[in-house]
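Peer 1: Before I ask anything, here is the structure I am working with.
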Amino acid sequence: MLTSRIIPCLDVSHGRVVKGVRFQGLRDAGDPAERSALYQDEGADEIVILDVSATPEGRGHQHETVAACRERLMIPLTVGGGVREAADAEALLEAGADKVSVNTAAVADPALLTAIATRFGSQCCVLAIDAARRDGRYEVLIKGGREGTGRDAVLWAKEAQERGAGEILLTSWDKDGTRSGYDLELTRAVADAVHLPVIASGGADTAAHILEAFAAGADAVLAASIFHDGDTTPNDVKLYLQEHGLRVRP
């Protein structure tokens with residue numbers, strides 16, 4: 001039985017952590033390196049950093065942010081935002097990332113997933129899926145949730161698996177920042193469709209919500225607001241999960 005991973009997420013824009021609701025109304029939430037180190041000390045299993053303005057602004061990721069975080073981290077670091085080709089992934093890995101997350105560019109050119117997985121290994125290749133409920137199904141969104149694609153999120157996850165992705169980072173646009181709980185139907189649908197680890201993201205408010213996401217099939221959970229606002233810590237969440245029968249990392 002695998003352990004249940006707790007992963008704080010740092011949405012970063014121009015070198016600062018930001019947080020909003022459904023990717024909008026962003027507010028400052030601190031320095032990425034300081035936040036990463038704090039969450040590591042508080043029991044985080046991994047850290048995810050997503051440059052949420054890189055793709056909309058047509059630029060690459062700010063590598064100095066990644067390097068500053070890596071200097072203070074011993075735990076795995078996943079980085080996404082502005083990755084358009086395998087060379088961009090290589091630059092992030094060289095800056096200190098352990099895994100690279102791709103979203104918009106992979107939708108435009110699915111072969112990018114295969115290129116990254118072939119060159120660096122599937123364990124480095126994370127497909128980020130931002131999904132919104134549309135007419136009874138889940139539609140893939142791109143460019144920070146700004147554009148719909150018409151692509152079905154569950155089918156896209158299955159294709160990504162075939163193309164070599166090693167993990168799915170699944171964010172519910174409807175739930176993001178709302179603190180109303182994860183989209184359990186979305187989580188279950190994708191987890192049932194692939195054998196890759198699925199990271200559930202979007203909507204956490206309580207440890208009970210996180211437990212629900214694991215029960216729906218998630219292998220890990222991403223959370224931001226509850227950690228940024230100091231409502232709880234990864235260690236507190238782990239204690240709750242242990243009390244409810246889940247295995248967690250020390």
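The values are calculated or read from the model by the stated rules, or taken from the named source; none is laboratory data. All figures in this text were calculated on a predicted structure; none of them were measured in a lab. In this analysis, Cβ positions are derived from the backbone assuming ideal geometry, glycine residues included, and neighbour counts consider all displayed protein chains.
Peer 1: Tally time: how many residues in the stretch 95-112 are over 17 Å from residue 153 (Cα atoms) and charged (D, E, K, R)?
Peer 2: 2
Peer 1: What about residue 192, is it under 29 Å from residue 238 (Cβ atoms), among the acidic types (Asp, Glu) and modelled with pLDDT under 95?
Peer 2: Criteria not met by residue 192.
Peer 1: I'm told residue 66 meets every condition in (1) β-branched (Val, Ile, Thr); (2) part of a loop (DSSP other than H, G, I, E, B); (3) under 18 Å from residue 51 (Cβ atoms) except one. Can you identify the failing condition by its number?
Peer 2: Among (1) β-branched (Val, Ile, Thr); (2) part of a loop (DSSP other than H, G, I, E, B); (3) under 18 Å from residue 51 (Cβ atoms), the lone unmet condition for residue 66 is (2).
Peer 1: Something else now. Within the stretch 228-250, which residues are modelled with pLDDT under 95 and within 18 Å of the chain's Cα centre (by Cα)?
Peer 2: Taking the stretch 228-250 first, the residues modelled with pLDDT under 95 are 228-231, 249-250.
Scanning the stretch 228-250 gives a single hit, 228.
Peer 1: Check every one of the strands (runs of 3 or more DSSP E) wholly within the stretch 164-250 and list those with 3 or more residues that are closer than 30 Å to residue 28 by Cβ, without any contact (Cβ under 8 Å) to a residue 12 or more places away in the chain and out of contact with any strand residue (DSSP E or B) (no Cβ under 7 Å at 6 or more places or on another chain).
Peer 2: It comes to none.
Peer 1: Looking at the stretch 74-108, which of the residues that are assigned to a loop (DSSP other than H, G, I, E, B) and more than 18 Å from the chain's Cα centre (by Cα) is surrounded by the most Cβ atoms within 10 Å (Cβ to Cβ)?
Peer 2: Looking at residues that are assigned to a loop (DSSP other than H, G, I, E, B) and more than 18 Å from the chain's Cα centre (by Cα), I get 85.
Peer 1: I'd like to verify a number: residues in the stretch 109-154 that are part of a helix (DSSP H, G or I) and not basic (Lys, Arg), how many?
Peer 2: Adding up the residues that qualify gives 14.
Peer 1: Next question. Are there any pairs, at least 6 apart or on different chains, whose C-beta atoms fall under 8 Å, with the first in the stretch 40-52 and farther than 30 Å from residue 147 by Cα and the second polar (S, T, N, Q), and if so, which?
Peer 2: 42/233; 42/235; 43/233; 43/235; 45/3
Peer 1: State whether the residues of the stretch 97-107 include one that is farther than 27 Å from residue 225 by Cβ, touching a strand residue (DSSP E or B) at 6+ places or on another chain (Cβ under 6 Å) and not small (Gly, Ala, Ser).
Peer 2: Checked the stretch 97-107: no residue is farther than 27 Å from residue 225 by Cβ, touching a strand residue (DSSP E or B) at 6+ places or on another chain (Cβ under 6 Å) and not small (Gly, Ala, Ser).
Peer 1: Of everything in the stretch 154-168 that's of a type in the set (A, V, I, L, M) and more than 15 Å from the chain's Cα centre (by Cα), which residue is surrounded by the fewest Cβ atoms within 10 Å (Cβ to Cβ)?
Peer 2: Start the filter on the stretch 154-168 by keeping residues that are of a type in the set (A, V, I, L, M), which leaves 154-155, 157, 160, 165, 168.
Adding the requirement that they be more than 15 Å from the chain's Cα centre (by Cα) leaves 154-155, 160.
Numbers: 154: 19, 155: 13, 160: 27.
The extreme case among them is 155.
Peer 1: So which residues in the stretch 168-189 are touching a helix residue (DSSP H, G or I) at 6+ places or on another chain (Cβ under 8 Å) and modelled with pLDDT under 95?
Peer 2: 177, 179
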